[in-house]
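Working notes for the structure below.
The values are calculated or read from the model by the stated rules, or taken from the named source; none is laboratory data. Because the structure is predicted, anything quoted here is derived from the model rather than measured. Quick reminder, even Gly has a Cβ in these numbers, built from the backbone with ideal geometry, and neighbours come from all protein chains shown. Note: areas computed on protein heavy atoms with side chains; ligands, DNA, RNA excluded. Shrake-Rupley method; radii C 1.70, N 1.55, O 1.52, S 1.80 Å.
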Amino acid sequence: MAYLLTTDAFITRYGERLSALCRTHARDLDPVTLPADEQVRLDARTLAEIEVACFSGNFDTDPVFTRRFLGSTLRAPNLRWVHLPNAGVDHPVFGRLLEQGVRLTTSSGATAEPIAHTAIAGLLALARGWPRWWSAQRRHEWAPHRDQAPRDLRGQTMVIVGLGAIGNEIARLAQALGLHVIGVRRRPRRGDDHVDEMHPPSALHALLGRADWVVLSCPLTDETRGLIDAAALTRLPATAHVINVARGQIIDEPALIAALQDGRLDGAYLDVFAEEPLPTDSPLWDLPNVIISPHDSAASTGNSARVSELFLRNLEHWLRGEPLENEVTER
């Protein structure tokens, strides 16, 4: 007997498809879930039979369940493969799983569209002056733009750091709005990249002086940690904006706050922060040129289905002994 550790929601929606897929490949892989009682762990016999684990929901929805699920994967001695609902693998647990010889696949691309829509919504809100209107609305004040009308978006330049599924979708939408899009990525430009230029990371500082918008959609690595520091922010024009839908640690947050407070940076949309939840005393909450969302840019009713479909596609690859999509090849 071999088990697939998953969620009740996955079994309810995809249990029949899972059974049919296993029958097709003459393989037993019965689904198992965590005990309903949060104080109860899976027993050693069950843990020893788990070969595959698929977390099909959102890690942030129920942190207690997430800790129990990931803890169970670490204790499963014969676990061979874990499919994750997110794209990033910077959490220490994932490194430990890799060290134990467990294969990891991510759901990179499953949330690209909602994240891109949120990033572009932040861009449009900042570009069209919505924070000013929101503030006036709360004061019941009629405050049209007069002396300082918003600049046209068409012809402005966006620099996107990280051209994976999310960055590419942001780039596609930005081009539709008439922006000149510059991608920053280690891999060279491909035919399906929605950019006007592609440059390696070593060119980033030279590109910042051209940027009206800097979008961060890259993974958190040793190379990207603190990438947008005080020196990088100094290179940006005072009219520039920063959009971060990647990880908070990619930006030097105190330096960003100082640049926003001093008028050396026009504004920012931030979904991620160095410390989460963002502390209540952070100056970012009260800056009039900052839009904040609580690491929620990916929120969408369609995410779970996209993650599950990707897992089922990968499960068929796994049963056939074929390469897996989105497999993590290095820590």
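Taken one residue at a time, the phi angles of region 126-142 give Karplus couplings (6.51, -1.76, 1.60, θ = phi - 60°) of 5, 5, 9, x, 4, x, 5, 5, 4, 4, 5, 4, 5, 8, 6, 10, 7 Hz. Gly and Pro are set to x. Each residue of region 161-176 was assigned a 3J(HN,Hα) from its phi angle through the Karplus expression (A = 6.51, B = -1.76, C = 1.60, θ = phi - 60°), giving 9, x, 10, x, 4, 5, x, 5, 5, 4, 4, 4, 5, 5, 4, 5 Hz with x at Gly and Pro. Most mobile of ARG247, ARG17, ARG80 per a Gaussian network model of the chain (Cα springs, under 10 Å)? Among ARG247, ARG17, ARG80, the largest GNM mean-square fluctuation belongs to ARG17. Annotation for region 154-233: GluC sites (Glu not before Pro) lying in DSSP loop with at most 15 further Cβ atoms inside 10 Å of their Cβ are GLU223. Computing the accessible area with a 1.4 Å probe over protein heavy atoms, can you report the carbon and sulfur percentage for the chain? Result for the chain: 50 percent of the exposed heavy-atom area is carbon or sulfur. Please report the orientation-averaged projected area of the chain, defined via the convex hull of its C-alpha atoms, in nm². Over all viewing directions, the chain projects a mean Cα-hull area of 19.4 nm².
Given +1 at the Cβ of Lys and Arg, -1 at the Cβ of Asp and Glu and no other charges, the dipole of the chain around its Cα centre is 540 debye to the nearest 20.
For the pair ARG17 and ARG225, a Förster radius of 45 Å applied to the C-beta separation gives a FRET efficiency near 0.65, rounded to the nearest 0.05.
For region 106-117, 3J(HN,Hα) computed residue by residue from phi via the Karplus equation (6.51, -1.76, 1.60; θ = phi - 60°) reads 10, 9, 3, x, 5, 10, 4, 5, x, 5, 4, 4 Hz, glycine and proline entered as x. Amide H contacts of ASN86 (H built 1.01 Å from N, in plane; Pro and chain starts excluded): SER107 sit under 5 Å, all sequence-distant by 5 or more or on other chains.
Highest GNM mean-square fluctuation, the chain, Cα pairs closer than 10 Å: which of PRO219, PRO150, PRO201? Among PRO219, PRO150, PRO201, the largest mean-square fluctuation in the Gaussian network model of the chain belongs to PRO150.
How are the Cα pair distances of region 217-305 distributed, in percent, across 10 Å bins from 0? Taking all Cα pairs of region 217-305, the binned fractions are 17, 49, 28, 6, 0 percent. Annotation for region 277-331: GluC sites (Glu not before Pro) lying in DSSP loop with at most 11 further Cβ atoms inside 10 Å of their Cβ are GLU330. Amide H contacts of ILE243: VAL214, VAL215, LEU216, TYR269, each under 5 Å away and 5 or more positions distant or on a separate chain (H built 1.01 Å from N in the peptide plane; Pro and chain starts excluded). For SER304, the accessible area of its heavy atoms, probed at 1.4 Å with every protein chain present, is near 50 square angstrom. Computed from Cα positions, the angle between helix 8-24 and the longest principal axis of the chain comes to roughly 60 degrees.
For region 37-97 versus region 306-322, the inter-centroid distance based on Cα atoms is 18 Å. Length available on full extension from ARG190 to ARG151: 0.36 nm per residue minus the Cα-Cα distance, which gives 10.9 nm. When restricted to Cα atoms, region 139-280 yields an Rg and a Dmax of 15.6, 51 Å, respectively.
The loop-placed GluC sites (Glu not before Pro) in region 13-53, going by DSSP, that have at most 15 neighbouring Cβ atoms within 10 Å of their Cβ come out as GLU38.
Scanning residues 5 or more positions from ASP229 or on other chains, those with amide H under 5 Å from its amide H are ASP252, with H placed 1.01 Å from N in the peptide plane.
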